[in-house]
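Engineer: Take this structure, written in structure tokens, and hold onto it; I'll ask about it next.
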Amino acid sequence: MARQSDEFRMAWSSLSGGASDTGWQTISVAPSGLLELSAGRRAPDNAEALLVGFPCIRLAAADKLPEGQGFAMERASPEDKNMLWLALTRKAPGNVDLFMDMVCNVTGALDEAVSAGATAEKLLRVFIGRVGAWQEFMRKGMQALSPEAEIGLVGELSVLLHIIAVGVPALVAVEGWVGPLDGVQDFVLGTGALEVKSTLSTAGFPARIGSLDQLDDAVRQPLFVIGQRLQQVATGMRLPDLVDTARAIVNDDSGALSALDDRLVAACYFDAHADRYSRRFFASDIAVIEVDDNFPRLTTGRVPIGIVKATYDIDLDKVPGHRTSIATALKEMGAI
């Protein structure tokens, strides 16, 4: 659960007078278990920042920290302590209210991980992972989901629930869901991958292929396309219902729950927008098709030299090939 904003807002307000010298001004806020937290401003730009102190941890100089539209993460040394301090700082063009939402969400994720008994090393991964999810959210436009994106997320969450139901451990399944993190395919599990396509169409099954890499099995084999036909029905599940179901299923695994929330943020889903997703869906049909030599596709090795980028549509109803089940596909991938 996200923290309340008052503690950060009051701290930043008390530091807003600015300072003549360069460097950090900080005020401690409620710590998160092993971690020390401070609200801060750094002269001369006076930008708001969240500073997190991790005890007895080092980062290699080559380790890359997330940076997005409106924020930056950097190493900081506001106090002389044997701690790794990381600062999440608002960039000058960044929206203050959105940055506040980000800080409350990130610190809430740390609080939940602390409650689950996470080590300092795990807390560092949670922090960087959640900030990285916000990086994806800001890159994608920082808006509630479009109707098409809503259908896409419904489809991916439905498949995630199937994957866990047939025996893939929750943490493995959620961490394998890389679509929201800008993965080439939606799920990477075992040696293979799954690409999920969902539609409301009753005439054919249109599927948009976004790149020459999406159906290329040169790197991961076997590769399957999962086509899920949805219907809008009064007894179906809304997107927030699927989110709640997924959270309930992984709730006993703090790592899986944190990874799930990272992916929801990266996919531009926030609980505050839940009332915008009123449509109820039911999966009326699902097809799992292996991408083999007979599957119609464009890849780098299947287009004329000189073509380096392509987006195209296929009709999954017309695609030749043997239909199988998600469980069988996962077995062939070595995931179960």
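The values are calculated or read from the model by the stated rules, or taken from the named source; none is laboratory data. Everything numeric here is computed off the predicted structure, so don't read it as measured data. Cβ sites come from the backbone with ideal geometry, for glycine too, and all protein chains shown count toward neighbours.
Engineer: Within the stretch 102-111, identify whether any single residue is touching a helix residue (DSSP H, G or I) at 6+ places or on another chain (Cβ under 9 Å), hydroxyl-bearing (Ser, Thr, Tyr) and assigned by TED's automatic domain parsing to the domain that holds Ser198, and answer yes or no.
Structural biologist: No: zero hits.
Engineer: Still on this model: Can you name the residue in the stretch 271-304 that is in contact with a helix residue (DSSP H, G or I) (Cβ under 8 Å, 6 or more places away or on another chain) and of a type in the set (Phe, Trp, Tyr) and, of all such residues, is nearest to Leu161 (Cα to Cα)?
Structural biologist: Result: Phe281.
Engineer: Something else about it: Quick one: how many residues across the stretch 207-235 are more than 25 Å from Val168 (Cβ to Cβ) and buried (at least 17 other Cβ atoms within 10 Å of the Cβ)?
Structural biologist: Residues flagged as more than 25 Å from Val168 (Cβ to Cβ) and buried (at least 17 other Cβ atoms within 10 Å of the Cβ) within the stretch 207-235 amount to 2.
Engineer: Within the set of pairs 6 or more residues apart or between chains, which connect a residue that is assigned by TED's automatic domain parsing to the domain that holds Ile57 and under 17 Å from Met10 (Cβ atoms) inside the stretch 30-43 to a residue that is of a type in the set (Phe, Trp, Tyr) and assigned to a strand (DSSP E or B) with Cβ atoms less than 9 Å apart?
Structural biologist: Matching pairs, first to second residue: Ser38/Trp24; Ser38/Trp85; Gly40/Trp24; Arg41/Trp24.
Engineer: Where residues in the stretch 271-304 are among the aliphatic types (A, V, I, L, M) and out of contact with any Ser or Thr (no Cβ under 7 Å at 6 or more places or on another chain), which of them is farthest from Asp217 (Cα to Cα)?
Structural biologist: It comes out as Ala272.
Engineer: Residues in the stretch 173-193: is at least one more than 20 Å from Ile226 (Cα to Cα), at pLDDT 95 or above and in contact with an Asp or Glu (Cβ under 8 Å, 6 or more places away or on another chain)?
Structural biologist: The answer is no; no qualifying residue exists.
Engineer: Something else: Among all residue pairs at least 6 apart or on different chains, which show Cβ distances below 7 Å where the first residue, located in the stretch 304-326, is within 11 Å of Gly204 (Cβ to Cβ) and the second is of a type in the set (Lys, Arg) and surrounded by 10 or more Cβ atoms within 10 Å (Cβ to Cβ)?
Structural biologist: Once the first residue is within 11 Å of Gly204 (Cβ to Cβ) and sits in the stretch 304-326, its partners that are of a type in the set (Lys, Arg) and surrounded by 10 or more Cβ atoms within 10 Å (Cβ to Cβ) give Asp313/Arg208; Leu316/Lys197.
Engineer: Filter the stretch 197-207 for residues that are under 12 Å from Val225 (Cβ atoms) and not aliphatic (A, V, I, L, M) and give the result.
Structural biologist: Lys197, Ser198, Phe205
Engineer: Let me ask something else. If you scan the stretch 86-100, which residues turn out to be part of a loop (DSSP other than H, G, I, E, B) and not polar (S, T, N, Q)?
Structural biologist: Passing the criteria: Lys91, Ala92, Pro93, Gly94.
Engineer: In the list Ala287, Ala272, which residue meets the criterion of being over 23 Å from Gly192 (Cα atoms) and either assigned by TED's automatic domain parsing to the domain that holds Asp217 or aromatic (Phe, Trp, Tyr) (or both)?
Structural biologist: Every option except Ala272 fails the conditions.
Engineer: Identify the residue in the stretch 194-206 that is in contact with an Asp or Glu (Cβ under 7 Å, 6 or more places away or on another chain) and surrounded by 13 or more Cβ atoms within 10 Å (Cβ to Cβ) and, among all such residues, is farthest from Ile314 (Cα to Cα).
Structural biologist: Top of the filtered list is Leu194.
Engineer: I've got another one for you. Could you identify the single residue in Val172, Val233, Val166 that is under 16 Å from Arg263 (Cβ atoms) and touching a residue at least 12 places away in the same chain (Cβ under 8 Å)?
Structural biologist: Matching residue, one of Val172, Val233, Val166: Val172.
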